[in-house]
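The values are calculated or read from the model by the stated rules, or taken from the named source; none is laboratory data. This is a predicted model, so every value here is computed, not measured. All Cβ positions, even for glycine, are placed from backbone atoms using ideal geometry, and neighbour counts span all protein chains on display. Heads up: the accessible areas ignore ligands, DNA and RNA and are worked out on the full protein's heavy atoms, side chains in. Shrake-Rupley method; radii C 1.70, N 1.55, O 1.52, S 1.80 Å.
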Amino acid sequence: MSDTLDDDKPTRRDFLYITTGAFGVVGAASVAWPLIDQLNPDASVKAVSTIEVDISSIEPGSFLKVAWRGKPIYIRRRTNEEIADAEKDDNLNLPDPQKDMERVQKKEWLVVVGVCTHLGCIPIANQGEYEGWFCPCHGSHYDISGRIRKGPAPTNLEIPPYEFVSDSLIKIG
Amino acid sequence: MDTDYKYEPKNGLTRWLDSRLPLMRFTSEHVLQFPTPKNLNYFWTFGFILTMCLVTQIITGIILAMHYAPSTLLAFDSVEHIMRNVNYGWLIRYIHSNGASMFFLAVFIHMFRGLYYGSYKEPREVIWILGCIIYLLMIVTAFMGYVLPWGQMSFWGATVIINLVGTLPLIGESLTQMLLGGFAVDNPTLNRFFSLHYLLPFIIFGVVLLHIWALHVPGNNNPVGLSVQGKQDTVAFHPYYTVKDFFAYTVFLLLFCYFIFYNPNALGHADNYIEADAMVTPAHIVPEWYLLPFYAILRAVPDKLAGVLLMFGAIAVLFFLPWLDTAKVRSGRYRPIFRYFYVLFVIDCLILGYLGAQVPEGIYLFLSRVTTIYYFAFFLLVLPILGRIEKMKPMPIGISNSELSRDMVAAE
């Protein structure tokens, strides 16, 4: 074009090129979006499923493992010694500082998502150097409050949304 | 590559075809008569072996897909159905599963060959980069394929690897959910992996064609690393290298058949014969052997994001190899110091592979850190610096007299 027009002024043709290009991009993006979005979890998966768990059968010092959203939830009934252990370490220099109080609704009951915050394996309860959880995949140790103490995991075990419906019933989700 | 040879159609029919679709001309000039350096050793047969590996995987894979059901309810059982009921199903599946291992074995030899003889150097950078893309696609394809039997290792391997993406800041979590199609590895994940596992080999096939196309511009590198200077340096691909390639492939098949018929599960994990259970992680998650070195690098670092970046960096650095190595001399034969670092690098990769299968504690953790450091140092320090200071050995004048008069030249 510079052969025929010796200045750099935009021409009507340039305008047409840019408009056509812009329409093309918007058009392609709007067609591409459904193709990409189909990868995302659909409504049936996303619908936050709620489960109710009867916890009356859990003895102090033991735990129950239930499935929620395809992931395990540990519901742990802690003994007084275990609670004392967890609170004793509140002020240590933890990798992800959190007080035990902030992680429970009732001190006796600890409810955590049983998914290692490193790469998603399921930690084994009552194992590891802190007697809480130990992840066999890459060696993360969690304490009795589900806090990360040692190993590659960056954060504490996640606390799912839950509430006590009654003394013997927990609603998770 | 310029060649003196030109295809001449011999009769009316081939003349007619040649002016419409020059297929015979192409085959003749690029396969049968293609001028190939006459000093190629057996390390140069792995290109052909790899092509055969790809073809084998595609054929057996298409057959397996006729009997496999990509659903979390049926996948595990359908694989057992293939193993027990389908006529020769056991054979086809063992070829496919061991074929993946043989494919990686061949590609490692192929890559280490290129590394030693400087096959990535000017003017072959694009060939090398296309090769790296093929390698990356192979890893992704193999990983997805390993998920399909829906055993415990399938499930937890997939969980760990997809969670690697979650380490990325900001977009990590939503991207993970997008890849999974949910909150955990489940039916949507299995279905899309099946779809992509079927697709990717054909993409690989396409990139292989580009790889060969790029190869046919400058022609093959060779053990002395000198460029072809004329007809005296080459022979026709057929029959010289077709025979050599087929012989090497036959030997390769012996090893392949040993695994298929005598030790079909040697390279797998017993845990993958237990159906996937989202509630129980196996005590010891190990990826397939060909991914172990990268797994060792991932676990060598205490920081989650840094480990992931380092692991991807270990593959990414390969793409820059043509510009990291500053030596003008291609072949390692004439680089006395490079040879030591090269051998050390091969050993380093083997140790990394060993460490990837160990629990990352104590001495293993320490060793994986040392070997990770050397892995990167080889590319980022040794190759850039060595090329500038190393004193090369005397080189032959050309390819054709390199084999005949190696002693004479060295004596000069």
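Does the stretch B:35-57 contain at least one residue that is among the small types (G, A, S) and within 26 Å of the chain's Cα centre (by Cα)?
Yes; the residues of the stretch B:35-57 include at least one that is among the small types (G, A, S) and within 26 Å of the chain's Cα centre (by Cα).
Could you tell me whether any residue of the stretch B:140-160 is in contact with a Gly (Cβ under 8 Å, 6 or more places away or on another chain), modelled with pLDDT under 95, at the interface with chain A (Cβ under 10 Å from one of its Cβ atoms) and over 26 Å from B:F341 (Cβ atoms)?
yes
Just to be sure before I move on: is B:I347 in contact (Cβ under 8 Å) with a residue 12 or more places away in the chain and aliphatic (A, V, I, L, M) in the structure I sent?
no
Hey, can you tell me all the residues within the stretch A:136-153 that are at the interface with chain B (Cβ under 8 Å from one of its Cβ atoms) and either at pLDDT 85 or above or buried (at least 24 other Cβ atoms within 10 Å of the Cβ) (or both)?
If the condition is that a residue be at the interface with chain B (Cβ under 8 Å from one of its Cβ atoms) and either at pLDDT 85 or above or buried (at least 24 other Cβ atoms within 10 Å of the Cβ) (or both), then A:C137, A:A153 are the ones that fit.
Determine, yes or no, whether B:F104 is assigned to a helix (DSSP H, G or I), closer than 30 Å to A:T155 by Cβ and out of contact with any Leu (no Cβ under 8 Å at 6 or more places or on another chain).
No; evaluated as a whole, the condition is false for this residue.
Kindly indicate the residue of the stretch B:188-211 that is open to solvent by 70 Å² or more (accessible area, probe 1.4 Å) and under 23 Å from B:W44 (Cβ atoms) and also nearest to the other protein chains (Cβ to nearest Cβ) among those meeting that condition.
Here the answer is B:F205.
If I ask for residues that are more than 23 Å from B:R369 (Cα to Cα) and open to solvent by 50 Å² or more (accessible area, probe 1.4 Å), which ones from the stretch B:320-338 would you list?
B:W323, B:K328, B:R333, B:I337
Which of the residues spanning the stretch B:43-100 are open to solvent by 40 Å² or more (accessible area, probe 1.4 Å) and polar (S, T, N, Q)?
Matches in the stretch B:43-100: B:T51, B:N85, B:N87, B:S97.
Would you pick out the residues in the stretch B:295-327 that are within 13 Å of chain A (Cβ to nearest Cβ) and aromatic (F, W, Y)?
Scanning the stretch B:295-327 gives a single hit, B:Y295.
Taking helices (runs of 4 or more DSSP H) that do not extend beyond the stretch B:4-86, which have at least 1 residues that are among the basic types (K, R)?
B:12-18, B:23-27, B:75-84
Tell me whether the stretch A:95-112 contains one or more residues that are away from chain B (no Cβ under 14 Å), polar (S, T, N, Q), open to solvent by less than 10 Å² (accessible area, probe 1.4 Å) and in contact (Cβ under 8 Å) with a residue 40 or more places away in the chain.
The answer is no, given that none of the residues of the stretch A:95-112 is away from chain B (no Cβ under 14 Å), polar (S, T, N, Q), open to solvent by less than 10 Å² (accessible area, probe 1.4 Å) and in contact (Cβ under 8 Å) with a residue 40 or more places away in the chain.
Each row is one residue, and each column tells you yes or no for (1) open to solvent by less than 30 Å² (accessible area, probe 1.4 Å); (2) in contact (Cβ under 8 Å) with a residue 24 or more places away in the chain; (3) part of a helix (DSSP H, G or I).
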{"position": "B:A214", "(1), (2), (3)": "yes, yes, yes"}
{"position": "B:G219", "(1), (2), (3)": "yes, yes, no"}
{"position": "B:S227", "(1), (2), (3)": "no, no, no"}
{"position": "B:H238", "(1), (2), (3)": "no, yes, yes"}
{"position": "B:T250", "(1), (2), (3)": "no, no, yes"}
{"position": "B:L255", "(1), (2), (3)": "no, yes, yes"}
{"position": "B:F259", "(1), (2), (3)": "no, yes, yes"}
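With the condition being more than 23 Å from B:I127 (Cα to Cα) and within 24 Å of the chain's Cα centre (by Cα), I'd like the helices (runs of 4 or more DSSP H) fully within the stretch B:296-412 carrying at least 3 qualifying residues.
B:304-319, B:336-356, B:362-377
Identify the residue in the stretch B:102-138 that is at pLDDT 95 or above and charged (D, E, K, R) and, among all such residues, is farthest from B:R333 (Cα to Cα).
B:E125
From A:I18, A:I36, grab the single residue that is open to solvent by 100 Å² or more (accessible area, probe 1.4 Å) and part of a helix (DSSP H, G or I).
Going through A:I18, A:I36 in turn, just one is open to solvent by 100 Å² or more (accessible area, probe 1.4 Å) and part of a helix (DSSP H, G or I): A:I18.
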